[in-house]
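Before any comments, here is the structure.
The values are calculated or read from the model by the stated rules, or taken from the named source; none is laboratory data. Small disclaimer: the values here were computed from a predicted structure and weren't measured. Backbone-built Cβ (ideal geometry, glycine too); neighbour counts: all protein chains shown. Surface accessibility is based on the protein's heavy atoms, side chains included, excluding ligands, DNA and RNA. Shrake-Rupley method; radii C 1.70, N 1.55, O 1.52, S 1.80 Å.
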Amino acid sequence: MSTNTIGYVTSISGDSLSASVAPDVDLPTIGDMIRIQSETAIAFGLISDMEIPKPSHPPSPNDVKVMSIDLLGEKLINPDKGELPGFQRGVSRFPVLGAEVEPVQTDELAEIYARPDKPCFTVGALSQERKLPAYIMTDALLGKHFAILGTTGSGKSCSLTVILKSILDSHPCGHIILIDPHNEYSAAFKDKAESLSPESLRLPYWLLNFEESVEIFCSKEPTARNIEAGILKDAILTAKLNWGEQGEDANTLTVDTPVPYKLSDLVHRIDEMMGQLGKPEQLAPFQRLKNRLENLRGDRRYAFMFGNVALRDNMSYILSQLMRIPNDGKPVSIFDLSGVPSEVVDVMVSLLCRTMFDLAVWGHRHDPIPILVVCEEAHRYVPYDKNSGFAPTRKALEQIAKEGRKYGVSLGLITQRPSELSETILSQCNTMFSLRMSNERDQMFVQRTLPQSSSSLLKSLPSLRNQEAIVVGEGVNFPTRIRFHELSANELPESNTASFAKNWAEDRFDANHINYALKRWRTQSRES
């Protein structure tokens, strides 16, 4: 028996095995990495379970203890010709019964988690050995999408900030669109980002496709919506055909073609169709559409979409601003949704994601512009229930998830409720950063979407500390428990919870606080 032996293999089944714990040793814990050496290879695995099969009453230190181990990889000692001698995923040469189980040494951990021979960046250190950096492979992470999952307060916003900053430190000419529902990230990226809000960005109504237009212009009641949608389709197509600046070919132009059209032409066509009707009761859907158009044009909350006086085809400028082309030292485009009316937030997300995908599809196939679209609070836009949410938003994100890598469009999903997120889309994310999760349903959902070999690490999800995560998938050589880099105070996103203890310690609030909020509320101003 080696001085390092902590147990002996007692059973082997597929990619897992059981081992009895040696007497008089310091007990290992779940998640610890072990090594089992044979004549030809060293197998590595993670302890997934510990138990006393037949405890005494009361339990005794002398009771037999058993640990379950998930095998993850191996290192060949005497490789055959053509076989690589370094650490490899998977096990081709299994341990034998009775083999000694030992803890992994630091030098072996360093070899297992060594810097990959591909472009990569660091996001922190290994939780089990803080001296060893945690590497993420850039192309594998971005080329096959990623997700950050964790309960509220576990550090998702900080983790995303660390990941994006680390990527940009190594690749400063990136192009990232960050959909920010609560205006958290402008404070984190500062001069590295262009913050776009309804006050600073114009997304003209004519960029909407037909489904998105129906959502904004038509009634919510299904029967009325169907009638109004037919009227709207005819009116939009006619208005687009009347747009003469680009000389669009009527044979190729459709209701979804992103070309400008005048709202006055839209209203004029609706009036024309109303004039062809003989019964007053048939006029109601036409009048509803006209009233909706007038209300939208007069509502200052929608000025970012309907407020432009001069109509011009500035789509190229808008896309360049969104995609940061050229990036001018600001590779991140933060789209602040906090000032967008709640009833059109889903439409805006649909518009952004669909536009990025369509631009990539119609761009240079052999010379694409790689772009990362990060969707914060993703469960709001692609819920688990296919009948919930806004269908075009789901469609746009599904297209990126399923086909984006072919065209250089990457997707990053952030959510605190993975069980409420579309399983189809989450399964397309080939790298997962799983932070602390206390909800059992969320834990089970994540375990269903990840490889069985990660089960030992995932069992520790409820006990993870803030800024700790389990990383599995294509972006890492090996399933890893990591601790993210600490951010300085001026790099933190604005996602801190208000301190009740501090603010309730003295009566320091007065009418000025109410008046300040009331002024911003009435003016719909987000400026501090």
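General observations
- Output for the stretch 10-53, where each listed residue is over 34 Å from the mean Cα position of the chain (by Cα), among the hydroxyl-bearing types (Ser, Thr, Tyr) and at pLDDT below 90: 13, 38, 40
- Residue 16 meets each of the listed conditions (1) of a type in the set (S, T, N, Q); (2) closer than 19 Å to residue 481 by Cα; (3) surrounded by 15 or more Cβ atoms within 10 Å (Cβ to Cβ) apart from (2).
- Among the residues making up the stretch 372-402, a single one is open to solvent by 50 Å² or more (accessible area, probe 1.4 Å), at pLDDT below 90 and polar (S, T, N, Q): 387.
- The set of residues from the stretch 438-447 being hydrophobic (A, V, I, L, M, F, W, C) and either surrounded by fewer than 18 Cβ atoms within 10 Å (Cβ to Cβ) or at pLDDT 80 or above (or both) comprises just one member, 444.
- Residue under evaluation residue 213, criteria (1) open to solvent by 10 Å² or more (accessible area, probe 1.4 Å); (2) not in a loop (DSSP other than H, G, I, E, B), criterion not met: (1)
- Every condition in (1) free of Cβ contacts under 8 Å to residues at least 40 places away in the same chain; (2) of a type in the set (Lys, Arg); (3) surrounded by 20 or more Cβ atoms within 10 Å (Cβ to Cβ) is met by residue 354 except one, and the failing one is (1).
- The stretch 138-156, subset surrounded by fewer than 21 Cβ atoms within 10 Å (Cβ to Cβ) and at pLDDT 90 or above, residue nearest to residue 425 (Cα to Cα): 144
- Cβ-Cβ contacts under 7 Å between residues 6 or more apart (or on different chains), taken from a first residue in the stretch 293-308 that is farther than 15 Å from residue 262 by Cβ to a second residue that is open to solvent by 40 Å² or more (accessible area, probe 1.4 Å) and of a type outside the set (Asp, Glu), are listed as 300/524; 301/524; 304/202.
- Matching entry among 169, 180 (being over 30 Å from residue 238 (Cβ atoms) and open to solvent by less than 10 Å² (accessible area, probe 1.4 Å)): 180
- Residue within the stretch 108-121 that is farther than 26 Å from residue 3 by Cα and aliphatic (A, V, I, L, M) present: yes
- Count - residues of the stretch 170-192 that are part of a loop (DSSP other than H, G, I, E, B) and in contact (Cβ under 8 Å) with a residue 60 or more places away in the chain: 9
Residue by residue, here is whether (1) touching a helix residue (DSSP H, G or I) at 6+ places or on another chain (Cβ under 9 Å); (2) within 27 Å of residue 373 (Cβ to Cβ) holds:
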| residue | (1), (2) |
| --- | --- |
| 258 | yes, yes |
| 267 | yes, no |
| 273 | yes, no |
| 276 | no, no |
| 319 | yes, yes |
| 323 | yes, yes |
| 334 | yes, yes |
| 350 | yes, yes |
| 356 | yes, yes |
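- Every condition in (1) in contact (Cβ under 8 Å) with a residue 40 or more places away in the chain; (2) in contact with an Asp or Glu (Cβ under 8 Å, 6 or more places away or on another chain); (3) open to solvent by 40 Å² or more (accessible area, probe 1.4 Å); (4) among the hydrophobic types (A, V, I, L, M, F, W, C) is met by residue 44 except one, and the failing one is (3).
Residues checked against (1) open to solvent by 20 Å² or more (accessible area, probe 1.4 Å); (2) in contact with a His (Cβ under 8 Å, 6 or more places away or on another chain):
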position: 323; (1), (2): no, yes
position: 328; (1), (2): yes, no
position: 350; (1), (2): no, no
position: 370; (1), (2): yes, yes
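- The lone criterion from (1) out of contact with any strand residue (DSSP E or B) (no Cβ under 8 Å at 6 or more places or on another chain); (2) surrounded by fewer than 15 Cβ atoms within 10 Å (Cβ to Cβ); (3) in contact (Cβ under 8 Å) with a residue 24 or more places away in the chain left unmet by residue 207 is number (2).
- Among the numbered conditions (1) surrounded by fewer than 16 Cβ atoms within 10 Å (Cβ to Cβ); (2) modelled with pLDDT under 90, the only one that residue 450 does not meet is (1).
- Taking the criterion of being in a loop (DSSP other than H, G, I, E, B), open to solvent by less than 50 Å² (accessible area, probe 1.4 Å) and either in contact with a Ser or Thr (Cβ under 7 Å, 6 or more places away or on another chain) or of a type in the set (Lys, Arg) (or both), the residues of the stretch 403-437 that qualify are 416, 435, 437.
- Selection from the stretch 14-55 of residues that are assigned to a loop (DSSP other than H, G, I, E, B), of a type outside the set (Asp, Glu) and over 17 Å from residue 99 (Cβ atoms): 23, 27, 29, 30, 31, 52, 53, 54, 55
- Applying the condition of being out of contact with any Ser or Thr (no Cβ under 9 Å at 6 or more places or on another chain), hydrophobic (A, V, I, L, M, F, W, C) and open to solvent by less than 100 Å² (accessible area, probe 1.4 Å) to the stretch 484-504 and asking which residue is modelled with the lowest pLDDT yields 498.
- In the stretch 459-499, the residues that are part of a helix (DSSP H, G or I) and within 24 Å of residue 138 (Cα to Cα): 491
- Check on residue 284, open to solvent by 60 Å² or more (accessible area, probe 1.4 Å), over 23 Å from the mean Cα position of the chain (by Cα) and more than 20 Å from residue 185 (Cβ to Cβ): no
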